[in-house]
Amino acid sequence: MIQVEPVKKKATKRFYIESYGCQMNFSDSEIIASILSSEGFDATRDAEQADLVLLNTCSIREKAEQTIRKRLTEFRRIKVERPGMLVGVLGCMAERLKGKLLEEEQLVDIVVGPDAYRTLPDLIAEATSGTKAVNVLLSREETYADISPVRLNSNGVTAFVSIMRGCNNMCAFCVVPFTRGRERSRDDQSIVNECKDLFEQGFKEVTLLGQNVDSYYWVNPANGHTIDFAQLLEKVAMISPHLRIRFSTSHPKDITDAVLHTMSRFDNICKYIHLPVQSGSNRILQLMNRTYTREWYLAKVNRIREILPGCAISADVIAGFCTEDEQDHLDTLDVMRTSEYAYSYMFMYSERPGTLAARRYQDDVEPEVKKRRLEEIVSLQNQLSLASNERDLGSVFEVLIEGDSKRSDQQWMGRNSQNKVMVFDKSVDGLKPGDYARVKAETCTQGTLIGTIVA
Ligand code: SAH
Ligand code: SF4
Ligand code: F3S
């Protein structure tokens, strides 16, 4: 059989993108996809078919960078078979290593930092003509506000919307201020418009993203009007009561009562706050430059519980930061117990070149000790997660259906406002992803509430 393909399609180039790291990176990949699609590139899910292979990378821990190096080695094989294929490294590792990446990884053709994606078409052209291409300039203004992201791997129900970029906080352990540059907020109207568009396309949940969303602050250059995070939340929440709003990440020092009160006023703003604690020891918190004490943090947790009863809280925790001793570690376990986290992201400290900690402190906690402390943190969190789910048994939650459960196509999977995964039988006809269901939690595991639909 002769297949006749339209000329346009034949001329189309294909790109393949893999994303690593935080939600911001996944959201950036959708901006990159948009820039590439206006250049005649189509996305493919098969690297073997691609003319351009992109890795949107993360530098947060050494392991994250090792994963990327390994992936690049795997792409070397494809490149040997198809020398014309271009390989680009984007994101935080590109920003951290800059041109050095080209020396270290011979197969890499393009290196682009997080603020330079608009120049991708030029860089691709340069690389196509045989010159290796690098742009790692950071910007004080770039927010990609006018670019309408192309949703990748979308479930059609939930989407990320980036509201700010960069970070000014300088936590001693963290590479992000170096890889993402200074903090800047995005025009509120472009955020609201993007969320409206998503809702009109059928999306039912948006997650507003930034390294530190609570310091969102936009000054309208036309009239000098200002808008802070609490006001932005309200604007997005007003789009429709059927559009859920989430946000991430909050820095404990910046989340205000105004934000908590706005959350309380709108049912569609989800009752869930990710509030990274990092450590429960005042001495370590100070070395980390987190700018709060454990008492201040716990007071914030209390305030959340007071204004938003039933709000779930999760955290990030680092085990084995420089000079951490057993008492510091016990303080961390204690803060976790008191805060009753629904879940946590838990990490062993990994020294990052260029950070304050790398320059000033010794990474002196033995790897076995870090590992043991992390295991204790994880095991405590497992107990706390189970206890948190057990407290929910018997309660009815509104769940936004995202799709089939992993185990069975006879069951739905969705999340409640508290961001807990709920799984339940498809006992009512006519429901589909994007619909809301009222579900009673009946049993649970540490990670899931299992329930049934109630009328
Ligand atoms: N902006 C967010 C988090 C960004 S990074 C915030 O401030 O909360 C996500 C998490 O990675 C951090 O909260 C921290 O727990 C962890 N992390 C960052 N640098 C790390 C390092 N050098 N070693 C181990 N974990 C780290
Ligand atoms: Fe890193 Fe701290 Fe900024 Fe978060 S707030 S991105 S941990 S420097
Ligand atoms: Fe990683 Fe960069 Fe995000 S270092 S965690 S991808 S901001």
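Read-outs throughout are calculated quantities, based only on the coordinates presented, and are distinct from any laboratory measurement. Quick caveat, the model's predicted, so the values are computed rather than measured. Quick reminder, even Gly has a Cβ in these numbers, built from the backbone with ideal geometry, and neighbours come from all protein chains shown.
What number, in nm² with one decimal, is the all-direction average of the projected area of the convex hull of the alpha-carbon atoms of region 13-135?
Its Cα hull, projected and averaged over all orientations, spans 6.5 nm².
Taking +1 at the Cβ of each Lys and Arg and -1 at the Cβ of each Asp and Glu, which of 17, 120, 75 sits farthest along the dipole of region 11-170 towards its positive end, judged by Cα position relative to the Cα centre?
So the residue furthest toward the plus end is 75.
To one decimal place, what orientation-averaged projected area in nm² is obtained for the convex hull of the Cα set of the chain?
It is 24.9 nm².
Please list, in order along region 76-83, the HN-Hα scalar couplings obtained from phi with the Karplus expression 6.51 cos²θ - 1.76 cosθ + 1.60 (θ = phi - 60°), rounded to whole Hz, x for Gly and Pro.
Result, rounded to whole Hz: 4, 4, 5, 5, 4, 6, 10, x.
Please give the Cα centre distance for region 301-344 versus region 423-438, rounded to the nearest Å.
34
Just the number, please: Stokes-Einstein D of region 232-350 in µm²/s, Kirkwood Rh from C-alpha pairs, 25 °C, 0.890 mPa s. Before the final figure, lay out the partial values.
Working: Rh = 15.1 Å.
The calculation lands on 163 µm²/s.
At 37 °C and 0.692 mPa s, what whole-number value in µm²/s does Stokes-Einstein give for the translational diffusion of region 74-132, with Rh from the Kirkwood sum over Cα pairs?
Numbers: Rh = 11.7 Å.
Result for D is 280 µm²/s.
Can you give the relative contact order of the chain as a percent, counting alpha carbon pairs under 8 Å and 6+ residues apart?
Working: 901 pairs, mean separation 45.1, N = 455.
Value for the chain: 10 percent.
Sort out for me the Cα centre separation of region 346-392 from region 59-102, rounded to whole Å.
Cα centres, region 346-392 to region 59-102: 27 Å.
How large is ³J(HN,Hα) for each residue in region 226-238, as worked out from phi by the Karplus curve 6.51 cos²θ - 1.76 cosθ + 1.60 (θ = phi - 60°), to whole Hz, x for Gly and Pro?
10, 9, 9, 5, 4, 5, 5, 3, 4, 4, 6, 5, 6
About its Cα centre, how strong a charge dipole does region 282-341 have in debye, to the nearest 20, once Lys and Arg get +1 and Asp and Glu get -1 at the Cβ? Can you show the working numbers first?
On the way: 7 positive and 10 negative charges, 70 e Å.
Dipole of region 282-341, to the nearest 20 debye: 340 debye.
Distance cut-off 24 Å, Cα to Cα: go down the list 70/100; 300/440; 271/370; 300/371; 63/370 and report the pairs above it. Each step should come with its number before you reach the end.
Numbers: 70/100 17 Å; 300/440 30 Å; 271/370 33 Å; 300/371 29 Å; 63/370 15 Å.
Long pairs (Cα-Cα over 24 Å): 300/440; 271/370; 300/371.
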